[in-house]
Amino acid sequence: MRRRAPGGTRRFTRKRVRRAQTLVGFGLAVAVLVATPGLVGAVPPPPPNPSDGQLQQADDDVAARIGQVGSLINEVASADQRLRALDDAVAIKREAVNKALVDLQSARDAAVSAADAVAGTLQALRDAGAQIEAAQVRFDEFAASTYRQGTGVSSMASFIGSQGPDDILDRAQVMRVLASNKNAVLDSLQRARTAEANRNSAAREAKQQADEAASAAEARKAEAEGAIAEARAALADQQSKKAAVEAEKAAAESQLASARDNVSGLQSQRQAFVNWDTQRAAEQAAAEAAAAAAREAAAEAAARVAADQAARDRARALAEGQRSHTQVEDQDDTDSGAADSDDTDSGTADSDDTSQDSEEAETAPTTKPKPKPTKPRPSITGSAAVESVIDRAMSQLGIPYAWGGGNENGPTLGIRDGGVADSYGDFNKVGFDCSGLMIYAFAGIGISLPHYTGYQYTAGEQVPSSQMKRGDMVFYGPNASQHVGLYLGNGEMIEAPQSGSVVKVSPLRWDGMTPYVVRLVS
């Protein structure tokens, strides 16, 4: 009965190894397209591309409308000019209405003032006339009495016929005045008459002014009403003309817009198609260049890895005596079914060692696996060690993701997880998971890592993520329990991301990154 190699290292057939190796070249283009942002789905579907005949027809239509559009432009300009003239005329009329209204109010104020003056003068005239008539009556009566009785009549006789003390005093005063200065009394009466005449004249003049003010007010009122009616008529006419001109202008603008659309629409579509085709060609060229560069880089890395016999020896030495992380207990090949009956191999591409490994696997006794160091030390250091690690990782570009897959010697058969990985058939794929890729990459410089991201996170020097360098391991999730990748510099990392994907170069993701990266070599 054939036994496993010492330490229970997982083995699989040479056929599967060769299949895994051929996947590298095929997977490079896939990895580049997946890992390069913007290359897949960057160019939208092509826009319509008008034919040359359609473009020529559009040009002919525009040429036929050039004269019509020019005429419409002139009509729009003329309409705008008429609108401005009508607006100016209406503005003048409005101001004329304002002037007439102001004059009307002034005339009405003057008429009111004149009427008040006439009323006051007439009342004063009536009062003065009444006083003069009363004085004249008393004087005439006294004069007649004096004439009949003479000047020597006893003072007792002057009181005969008086009607009271006031009347007696008045008569006595008149008698004294008449007795002392008859001419002065006559002059006073004359002055009273003159004052009465002046007041009559003032009253007539005030009345004439009031009449004139009233007439002027009525005239200005009629003028104001006429101006208002004229302004309203002009405004209504202007509004009608303006509406007609605006409708004409809108029609002209619509026809002009249609003409412009006809002349530019298909040309814009053609230009859009040209731009799209240019973008498509550029994107395709960039994708091809990136794919070629990735293929070249991966091929160079694979060539360096294949030529680095020392690295392969170091990896093989690490793999010897290591128990697979998926092996619970020692089992026969016949029980596990992990190896084909015709041949087995350790997972490397070295055909020269196949028969020797098989023989050793049949004869070697079961040994106790060697414990892995908690803080691995590299066999080589410096930039050469960093580049060796990166070369080994880059040489696996395009290898499928297989959960639980990968060891120091290369890709291995994945395992079942009872969930997502099984749905992708990882248990039937030869490849790497994220931590398995790190195991293979660092094995070439003599560093052995456990197949668990959380343990890998504590396997070396923890450096703040802001200080990461090329060759550092980058971790994600609480306590690095989610994912790990290898930093390449320039914001990129190589990783085995998830089921259904392949080993690829991706932009560095800061979201969810742990506070520290792990540096195993410097």
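The values are calculated or read from the model by the stated rules, or taken from the named source; none is laboratory data. All figures in this text were calculated on a predicted structure; none of them were measured in a lab. Using ideal geometry, Cβ is built from the backbone for each residue, glycine included, and neighbour counts are taken over all protein chains shown.
Structure above, values below:
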{"item": "From the options 259, 252, residue that is over 14 Å from residue 94 (Cβ atoms), touching a residue at least 12 places away in the same chain (Cβ under 8 Å) and touching an Asp or Glu at 6+ places or on another chain (Cβ under 7 Å)", "result": "252"}
{"item": "Single unsatisfied condition, residue 177 versus (1) among the aliphatic types (A, V, I, L, M); (2) modelled with pLDDT of 75 or more; (3) touching a helix residue (DSSP H, G or I) at 6+ places or on another chain (Cβ under 8 Å)", "result": "(2)"}
{"item": "Of all residues making up the stretch 404-428, the number that are hydrophobic (A, V, I, L, M, F, W, C) and under 26 Å from residue 311 (Cβ atoms)", "result": "1"}
{"item": "Lone qualifier among 103, 80, 88, 61 - being out of contact with any Lys or Arg (no Cβ under 6 Å at 6 or more places or on another chain), closer than 30 Å to residue 219 by Cβ and either outside the structural domain of residue 212 (by TED's automatic domain parsing) or among the charged types (D, E, K, R) (or both)", "result": "88"}
{"item": "Residue list for the stretch 243-266, filter: under 15 Å from residue 58 (Cα atoms) and of a type in the set (Val, Ile, Thr)", "result": "263"}
{"item": "Single match in 234, 259, 224 (criterion: farther than 30 Å from residue 71 by Cα, in contact with a helix residue (DSSP H, G or I) (Cβ under 8 Å, 6 or more places away or on another chain) and of a type in the set (Gly, Ala, Ser))", "result": "224"}
{"item": "The listed residue being of a type outside the set (Ser, Thr, Tyr) and within 48 Å of the chain's Cα centre (by Cα), out of 494, 445", "result": "494"}
{"item": "Test result for residue 361, at pLDDT 50 or above, buried (at least 16 other Cβ atoms within 10 Å of the Cβ) and either out of contact with any helix residue (DSSP H, G or I) (no Cβ under 9 Å at 6 or more places or on another chain) or not in a loop (DSSP other than H, G, I, E, B) (or both)", "result": "no"}
{"item": "Matching entry among 517, 463, 505, 521 (being at pLDDT 95 or above and either part of a loop (DSSP other than H, G, I, E, B) or under 37 Å from the mean Cα position of the chain (by Cα) (or both))", "result": "505"}
{"item": "Single match in 310, 282 (criterion: modelled with pLDDT under 80 and out of contact with any Leu (no Cβ under 7 Å at 6 or more places or on another chain))", "result": "310"}
{"item": "Every pair of residues 6+ apart whose Cβ atoms lie under 6 Å, when the first sits in the stretch 398-421 and is under 20 Å from residue 447 (Cβ atoms) while the second is assigned to a loop (DSSP other than H, G, I, E, B) and among the hydrophobic types (A, V, I, L, M, F, W, C)", "result": "411/399"}
{"item": "Filtered residues of the stretch 453-489 (kept if among the small types (Gly, Ala, Ser) and in contact (Cβ under 8 Å) with a residue 12 or more places away in the chain)", "result": "454, 459, 460, 465, 471, 477, 480, 481, 485, 489"}
{"item": "The lone exception for residue 296 - which of (1) at pLDDT below 80; (2) not assigned by TED's automatic domain parsing to the domain that holds residue 57 it fails", "result": "(1)"}
{"item": "Residue selected from the stretch 270-314 under the condition farther than 30 Å from residue 47 by Cβ and among the acidic types (Asp, Glu), by the criterion surrounded by the fewest Cβ atoms within 10 Å (Cβ to Cβ)", "result": "296"}
{"item": "Qualifying residue in the stretch 198-212 (condition: loosely packed, with under 12 Cβ neighbours inside 10 Å and either in contact (Cβ under 8 Å) with a residue 60 or more places away in the chain or within 34 Å of the chain's Cα centre (by Cα) (or both))", "result": "no"}
